[in-house]
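The numbers here are math on the coordinates, done by the rules we state, and not lab data. Quick caveat: nothing in here was measured; it's all calculated off a predicted structure. Cβ coordinates were reconstructed from backbone atoms using ideal geometry, including for glycine residues, and neighbour counts include every protein chain displayed.
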């Protein structure tokens, strides 16, 4: 029995009008305590959690960019912006996790309330505005987690073993970079580079986020003339050749997406994340938010089911335009194995979840992975990588 769906979610989604952001913050505090804990009781809890929530199967392994993803399911950026539980996400069954969005300058984000559930639409509206403690704080957080991991490993050394410097996480960690609100658009490239310089030793891959609707002017950076200097500056700094991706909006016209693809290929980016939240409001069943204001008049991006179809269409377009040669991380409206399979077969090498995980609970990842294994069997395929793009000609 899924205790989250039967007991906890009805309470959290009830008419008590509990602030979703407050609940999120409290959840992160607990997760951070678990991630940093060293007591035997904490270790036991983590072991039981991993046994219940994770699923290991070699058919789900996805090698990409020289990294080994145990499975294609990742946690999307936005949930753990400051790396509070960075070492914990593989315990929930995720094959990878993306931290951030982080900006060079710490910033409080937009005024509250700024996070709203839309249960009738299985969606979330947010206008957080890149609230985070800044790139330097995230770098220090990850350094401390790595230091703590090394110290724990040192305690377990045998006389014939040697101490390595392992990653603080059991799965790849991405870092999503955004522009600081106080930085003028014409100085955006330097702002992204400053964040990357601080964090490049701690992320396994990095994402240029130019598609959030919640920072004034940010989406204009998706324009070719403004995006090119950002890619150029980052790749010049990227001497270690870390995988660098760009995250795009679902609301771009096909011509604009084609321009981003061409730039990404020219500057040898590692891939594209498709897509961010949408600013469209068509077809929503939810008419008013908890503020009493009509949804159509509220600022912010919408994630979840309303963006599902469009994000898949964008994935299929990118896959066709690049002939499958530019890896895609698909995100937007994934709740079930069918949703994940749809994005993978459209062309996504990896997928990410956030809103679906909030609605479906911590057992969602395992259920989706079990469903993907069933899909592989039904399709007569051996590896999840064999499914990438097989429906792209439809």
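Give the distance, in whole Å, between the Cα centre of the stretch 118-134 and the Cα centre of the stretch 339-365. Centre-to-centre distance over Cα atoms comes out at 18 Å. For the stretch 10-129, the fraction of C-alpha pairs more than 21 angstrom apart is 52%. Would you mind telling me the antiparallel percentage of the DSSP bridges in the chain, rounded to 5? Looking only at bridges with both residues in the chain, the antiparallel portion is about 35 percent. From the alpha carbon centroid of the stretch 249-272 to that of the stretch 164-218 is 18 Å. For percent of Cα pairs over 32 Å apart, the value computed from the atomic coordinates appears in the list (1) 54; (2) 43; (3) 31 under label (3). Ordered by the number of other Cβ atoms lying within 10 Å of each residue's own Cβ, fewest first, 140, 297 fall into the sequence 297, 140. Calculated FRET efficiency, residue 50 to residue 382, Cβ-Cβ distance, R0 = 30 Å: about 0.70 to the nearest 0.05.
Between residue 237 and residue 223, the modelled label-to-label distance comes to 2.3 nm, taking each label 7 Å out from Cα in the direction of the beta carbon. When only Cα pairs below 8 angstrom with a gap of at least 6 residues are kept, the chain shows a relative contact order of 17 percent. Each 10 Å bin from 0 upward holds the following percent of the Cα-Cα pairs of the stretch 282-331: 21, 37, 23, 15, 4. Among 264, 299, 139, which one moves the most in a GNM of the chain with springs linking Cα atoms closer than 10 Å? The residue that fluctuates most here is 299.
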